[in-house]
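One structure is given below, encoded as structure tokens.
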Protein chains: 2
Amino acid sequence: MISTETPPDKQTITQFFTGLQDRICAALEETDGGARFQEDLWERAEGGGGRTRILQEGAVIEKGGVLFSAVHGPASEATRRQMNVTEPVDFYATGVSIVLHPRSPMVPIIHMNVRYFELSNGINWFGGGIDLTPHYLDRQDARWFHQQLKTVCDRHHPDFYAKHKAWADDYFYLKHRDETRGVGGIFFDYQKPSEEFSKEAIFAYVQSVGDAFAPIYTHFMRQNRDLPFGEAEKQWQLLRRGRYVEFNLVWDRGTKFGLESNGRTESILMSMPPQANWAYDYKPQPGSREEETLLGLKKGVDWLNPLG
Amino acid sequence: MISTETPPDKQTITQFFTGLQDRICAALEETDGGARFQEDLWERAEGGGGRTRILQEGAVIEKGGVLFSAVHGPASEATRRQMNVTEPVDFYATGVSIVLHPRSPMVPIIHMNVRYFELSNGINWFGGGIDLTPHYLDRQDARWFHQQLKTVCDRHHPDFYAKHKAWADDYFYLKHRDETRGVGGIFFDYQKPSEEFSKEAIFAYVQSVGDAFAPIYTHFMRQNRDLPFGEAEKQWQLLRRGRYVEFNLVWDRGTKFGLESNGRTESILMSMPPQANWAYDYKPQPGSREEETLLGLKKGVDWLNPLG
């Protein structure tokens, strides 16, 4: 938690995000051991830019990105409408976004995002979240993952975990499949300073979420990287990645907004897996681990107490 | 052209579509020679249903679908708003949709759709189109393809080809890539009977478009199936299929509408390739056939006179 007497300003928040990107990339490279991030610096014509870092063909991570950006300019009409602002205003948006596709089907896919948005009229808010998409559901892993998130949330407010876990269930949901993307996690948006939560308190929570990412994912990388698997598990992973593509391109609001508003396509689509497969009306064998996974990907599961 | 004194009714149109599905499946199976279509009959809870036919692991076609459906029920508010109808009405919608993903990168992907829609208040319209997505641009093939379509169009009206070719350029466009999906073709929608075009005349055009599909695609199957290719061409095909996925899930209005309105997911997503790949910021070698393809996928190309 950064200690300031005045509320954290956009420079302070931006600086936290660039440092977070650095720390996460260093932790992932060290744990992966097989490849390094490549960096692309880019500028946005209308203002600002980003630092896109991509790792491909690692020992554990097959393809993944850890992205920082800070962009600004006149707020679009859509943004103004959403925030009930009638006059012309400028916006400033910064954040870190991560998607990692592991090589092994036994290692889960992970996503994290932390972001800050402010308008020149003084309105500002934070958003963020972490969610986990195992190719094979492991209820002990899901419990451990949710326990880490609950610990982070509980440090900031006793209601955060329950609220933001439910929000993730609703957000990371493939309506056309009646399936959640994975075992969920936490998700929150439009967290504005209020009487109850100061800007500093919300920023402190966002910092904790960001800092939780590397320890959580490197745990799964180490624990699962050497688990055995065969061709059948690999095929299942490719089908599950197809579902990941479906979620991101059909339902994810961030992706949709980015692609429709002339965002940097290669950065936005870093979330795409290196390979994904589709088979018509594929049904896993009754009683198989694949079927168990499918049946388990539902909203409202209490992953902290998965056996009831 | 079916000769009737009264305008063709929905039974007549539906019957044409089921027959068209049969004829196309027979032609594709005969030309492929390696696999047969599997059929799924399905019913829609709210009314109607469909006959989904999928061919997987053929000699030429790796994965493809030829779908017929005829569904009905109360029109959604979105449909009523679109058609400026304020009172509650029922709708009836029927059509044939095709997407074929060939095994060889030297054979193009193809899409065709013909459809009819009517409301219980008497409003009715047709839509349809055919477009071709080669993995490798071949200007002679593109010219031949567009010449076939122009011949079909010209039999019905001298303006149809120019109008519907431009409509396809606009529709089959990946805005986030500034790339067309392929070499386009023809696309049209909301073709209602008018003083200029009777319902019978529009239906005759739709029949011609549907009947043109099998001769066009079996020509490419036969001509290109044995062309040599290597691993590099296969990898390029998989990246181009990634773009096909992006178009269908991000921009295609039919896919979006189906997935958001509780359509039959497995039928809608028959358009997905068996496998698709993504690589971060992939740039083809300068002067390569891959680069030539990318540079060629633009709106407004006169494919009938590709050299100007």
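Remarks
- Of the residues making up the stretch A:41-69, those that are within 24 Å of residue A:263 (Cα to Cα) and without any contact (Cβ under 8 Å) to a residue 60 or more places away in the chain are A:41, A:43, A:45, A:46, A:47, A:48, A:49, A:51, A:53, A:55, A:66, A:68.
- Selection from the stretch B:185-215 of residues that are among the acidic types (Asp, Glu) and either assigned to a helix (DSSP H, G or I) or at pLDDT 95 or above (or both): B:189, B:200, B:211
- Of the criteria (1) surrounded by 18 or more Cβ atoms within 10 Å (Cβ to Cβ); (2) touching a His at 6+ places or on another chain (Cβ under 8 Å), which one residue A:51 fails: (2)
- Scope the stretch A:256-279; condition at pLDDT below 95 and of a type outside the set (Lys, Arg); matching residues: A:257, A:258, A:259, A:260, A:261, A:262, A:263
- Consider the stretch A:216-227 and keep the residues that are of a type outside the set (Phe, Trp, Tyr) and in a helix (DSSP H, G or I). The one that is nearest to the other protein chains (Cβ to nearest Cβ) is A:221.
- Among residues of the stretch A:259-269, those that are at the interface with chain B (Cβ under 7 Å from one of its Cβ atoms) and in contact (Cβ under 8 Å) with a residue 24 or more places away in the chain, counted: 1
- Among the residues of the stretch A:188-223, just one is within 30 Å of residue A:59 (Cβ to Cβ) and in contact with a Gly (Cβ under 7 Å, 6 or more places away or on another chain), namely A:209.
- Within the stretch A:165-180, restricting attention to residues that are in a strand (DSSP E or B) and either in contact with a strand residue (DSSP E or B) (Cβ under 7 Å, 6 or more places away or on another chain) or β-branched (Val, Ile, Thr) (or both), the residue that is nearest to the other protein chains (Cβ to nearest Cβ) is A:173.
- Any hit, the stretch B:50-70, residues being more than 18 Å from the chain's Cα centre (by Cα), at pLDDT 95 or above, within 22 Å of residue B:188 (Cβ to Cβ) and not hydroxyl-bearing (Ser, Thr, Tyr): no
- Scanning the stretch A:228-247 for residues that are away from chain B (no Cβ under 11 Å) and of a type outside the set (Phe, Trp, Tyr) gives A:228, A:230, A:231, A:232, A:233, A:234, A:237, A:240.
Each row is one residue, and each column tells you yes or no for (1) hydroxyl-bearing (Ser, Thr, Tyr); (2) more than 8 Å from chain B (Cβ to nearest Cβ); (3) surrounded by fewer than 18 Cβ atoms within 10 Å (Cβ to Cβ); (4) touching a Gly at 6+ places or on another chain (Cβ under 9 Å).
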| position | (1), (2), (3), (4) |
| --- | --- |
| A:249 | no, no, no, no |
| A:257 | no, yes, yes, yes |
| A:271 | yes, yes, no, yes |
| A:276 | no, no, no, yes |
| A:280 | yes, no, no, yes |
| A:286 | no, yes, yes, no |
| A:289 | no, yes, yes, no |
| A:295 | no, yes, yes, no |
| A:298 | no, yes, yes, no |
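- Among the conditions (1) surrounded by 23 or more Cβ atoms within 10 Å (Cβ to Cβ); (2) farther than 26 Å from residue A:53 by Cβ, residue A:151 misses just one, which is (1).
- Residue ranges of strands (runs of 3 or more DSSP E) in the stretch B:36-111 with at least 1 members in contact with a Gly (Cβ under 8 Å, 6 or more places away or on another chain) and among the polar types (S, T, N, Q): B:48-56, B:61-74, B:90-102
- Checking every residue in the stretch B:113-127 against the condition of being under 19 Å from residue B:270 (Cα atoms), touching a residue at least 12 places away in the same chain (Cβ under 8 Å) and among the hydroxyl-bearing types (Ser, Thr, Tyr) gives zero matches.
- Output for the stretch B:157-200, where each listed residue is among the aliphatic types (A, V, I, L, M), crowded, with 17+ Cβ neighbours inside 10 Å and farther than 20 Å from residue B:97 by Cα: B:174
- Scanning the stretch B:279-304 for residues that are farther than 15 Å from residue B:234 by Cβ, part of a loop (DSSP other than H, G, I, E, B) and touching a residue at least 24 places away in the same chain (Cβ under 8 Å) yields B:297, B:298, B:299, B:300, B:301, B:303, B:304.
- Count of the stretch A:96-121 residues, restricted to those that are surrounded by fewer than 23 Cβ atoms within 10 Å (Cβ to Cβ), closer than 25 Å to residue A:9 by Cβ and among the aliphatic types (A, V, I, L, M), is 1.
- For residue B:305: the one exception among (1) over 30 Å from residue B:37 (Cα atoms); (2) at the interface with chain A (Cβ under 10 Å from one of its Cβ atoms); (3) of a type outside the set (A, V, I, L, M, F, W, C): (2)
- Taking (1) touching a residue at least 40 places away in the same chain (Cβ under 8 Å); (2) more than 14 Å from chain A (Cβ to nearest Cβ) in turn, residue B:194 satisfies each apart from (1).
- Restricting A:75, A:45, A:27 to those that are modelled with pLDDT of 95 or more, aliphatic (A, V, I, L, M) and either surrounded by fewer than 20 Cβ atoms within 10 Å (Cβ to Cβ) or closer than 21 Å to residue A:127 by Cα (or both) reduces the list to A:27.
The values are calculated or read from the model by the stated rules, or taken from the named source; none is laboratory data. Keep in mind the model is a prediction, meaning the values are calculated, not measured. When we count neighbours, we look across all protein chains shown, and the Cβ atoms used for this are built from the backbone with ideal geometry, even at glycine.
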